[in-house]
Amino acid sequence: PRIPNPEPRIPNPEPRTPNPEPRIPNPESRDTMLVLSSADVLRLLPLDDCIAAVEEAFRDHGQPGLLSAHVGRGAFHIKTAIAGRRFGAKANANFPSNPQERGLPAIQGVMLLFDADDGRPLAVLDSIEITALRTAAATAVAAKYLAPKGATTATIVGCGKQGRVQLEAVRRVLPLRRVFAFDIEHERARYFAREMDATPVTTLEARDTDVWITCTPSRVPFLRREHVRDGALVAAVGADNPSKSEITPELMAVSRVITDVTAQCLEMGDLHHALAVGATAVAELGDVIRGRCPARQNERDIVIFDSTGAGFQDTAAASLVYDRAQAG
């Protein structure tokens, strides 16, 4: 038979090391991922504050990411970026005919916001108002740095929701005294003019306008060289996918083109359509803000801001909404 070991088993005299104290979660998380509606965004993101946040994002941004998919009636875009301590990813559906055909918004989507230090998901936000506000804020920042000195007149082409927010934003940075409003649906331009203290016009023609803002879903370029006076600024907002175009290549070719993100504008936006006639981008808006490139070489330069929408704008705006929601 097996003889048992006569030596009793001696317990380990060293006490066990107690489990380390659990890490206290970052208080900004509150253990909850926020879900914020379009009404929350409007309440928490005043336009002036959005303009300031987007200007800072242009100053500091890294390279954003973009993924697009096109379908019969519209397109889907996913835009990503890191801004400060946050990572954002916005998935938008853009279906321009939705309001007329289905009674739905042209743009619908969601914004996801993460902590860029530890990867925690922080919030899901409705993206409709984020997109409208940050797009208009980008135009306001461009007008602040690129508009001719003493600019007091503007023409809005495209009198939908985006046109309204665009005008509100530019009025924050320029002392506009007269605004013209044009839309291919003339009644829409008249309604816009009554609501926004503007003058409706029924034709696109040469006029003494300091700032043009085009915010349409057009697939055919319509703003030509003969429309735009020397020294004016054109903020080209509508061409946010490769099939859209608002500015004729000939006007692009003789203008000083400043982009939001040049690599993106080479794939979509009005610059994309004008490469064959020699149009080039001289700088990104962030370069002008940082003082690395002058907005103009002389007072006669026509400056075009090719605005395709960048993920760092979305992330900066969403971060501001999130911080205010957390603050209560």
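The values are calculated or read from the model by the stated rules, or taken from the named source; none is laboratory data. Computed from a predicted structure; not experimentally measured. FYI the Cβ positions are ideal-geometry reconstructions off the backbone, even for glycines, and counts take in every protein chain you see. Just so you know, the surface numbers come from the protein's heavy atoms only, side chains and all, with ligands and any DNA or RNA stripped out. Shrake-Rupley method; radii C 1.70, N 1.55, O 1.52, S 1.80 Å.
Calculate for the chain the 222 nm mean residue ellipticity that helices alone would give, adding -39,500 (n - 2.57) per DSSP H run of length 4 or more and normalising by residue count, nearest 500 deg cm²/dmol.
My calculation for the chain gives -9000 deg cm²/dmol from helical runs alone.
Would you kindly compute the Cα radius of gyration of the range 154-196 and its largest Cα-Cα separation (Dmax), both in Å?
9.7, 28
If you build a Gaussian network model of the chain, linking Cα atoms that sit under 10 Å apart, which residue out of THR152, THR214, THR262 swings the most?
Of THR152, THR214, THR262, the Gaussian network model singles out THR152 as fluctuating most.
Check which residues have an amide H placed less than 5 Å from VAL234's amide H, if you skip close sequence neighbours.
The list, which skips near neighbours in sequence, is TRP212, VAL303, ILE304, PHE305.
Expected output is a single nm value to one decimal: the length gained when fully extending between ARG190 and ARG290, i.e. 0.36 nm times separation in residues minus the C-alpha distance. What is it?
32.0 nm
Ignoring ligands, DNA and RNA, what percent of the 1.4 Å accessible area of the range 65-180 is carbon and sulfur?
59
Excluding ligands, DNA and RNA, what is the solvent-accessible area per residue of the chain at a probe of 1.4 Å, expressed in Å²?
49
Using just the Cα positions, wrap the chain in a convex hull and report its mean projected area in square nanometres, one decimal place.
For the Cα atoms of the chain, the hull's average projected area reads 27.2 nm².
For the range 70-229, give the magnitude of the charge dipole about the Cα centre (Cβ charges: +1 Lys/Arg, -1 Asp/Glu; no others), in debye to the nearest 20.
300
Using a basic spin-label model with each label point 7 Å from the Cα along Cα→Cβ, how many nm lie between ASP49 and THR280?
Label at ASP49, label at THR280, 4.3 nm between them.
Count the lysine pairs in the chain whose Cα atoms lie under 22 Å apart, taking only pairs 8 or more positions apart in sequence or on different chains.
Close lysine pairs found across the chain: 7.
How far is the Cα center of the range 280-326 from the Cα center of the range 32-75, in Å?
A separation of 14 Å, based on Cα centres.
Rg (Å, one decimal) plus Dmax (Å, integer) for the alpha carbons of the range 235-328?
When restricted to Cα atoms, the range 235-328 yields Rg and Dmax of 15.3, 53 Å.
Springs between alpha-carbon atoms under 10 Å, Gaussian network over the chain: tell me which of ASP126, ASP60, ASP240 tops the mean-square fluctuations.
Among ASP126, ASP60, ASP240, the largest GNM mean-square fluctuation belongs to ASP60.
Given the Cα-Cα distance of ARG85 and SER37 and 0.36 nm per residue of separation, how much length would full extension add, in nm?
15.0 nm
Could you work out, for the range 124-243, what percent of all Cα-Cα pairs fall into each 5 Å distance bin, beginning at 0 Å and stopping at the bin that holds the largest distance?
Bins of 5 Å from zero give 2, 12, 23, 25, 22, 11, 3, 1, 0, 0 percent of pairs.
Under the rule of at least 5 residues apart or a separate chain, name every residue whose amide H is placed under 5 Å from the amide H of VAL261.
THR308
Would you please name the GluC sites (Glu not before Pro) within the range 154-238 that are DSSP coil residues with at most 16 other C-beta atoms within 10 Å of their C-beta?
Sparse-neighbourhood loop GluC sites (Glu not before Pro): GLU185, GLU205.
Under a 10 Å cutoff between Cα atoms, tell me which one of CYS50, CYS293, CYS215 has the largest fluctuation in the Gaussian network model of the chain.
The residue that fluctuates most here is CYS293.
I need the shape label for the range 56-191. Rule: rounded when a/c is under 1.5, else prolate if a/b > b/c, else oblate, with a, b, c from the alpha carbon gyration tensor.
In terms of gyration-tensor shape, oblate.
Tell me, what % of the accessible area of the range 185-308 is carbon and sulfur with a 1.4 angstrom probe?
For the range 185-308, the apolar C and S fraction of the accessible surface comes to 49 percent.
Using a Förster radius of 25 Å, what is the FRET efficiency between VAL124 and ALA69 based on their Cβ-Cβ separation? Nearest 0.05, please.
Step by step, r from the Cβ atoms, then E = 0.75.
How much net charge surrounds THR248 when only other residues with a Cβ under 11 Å from its Cβ are counted (Lys, Arg +1; Asp, Glu -1)?
-2
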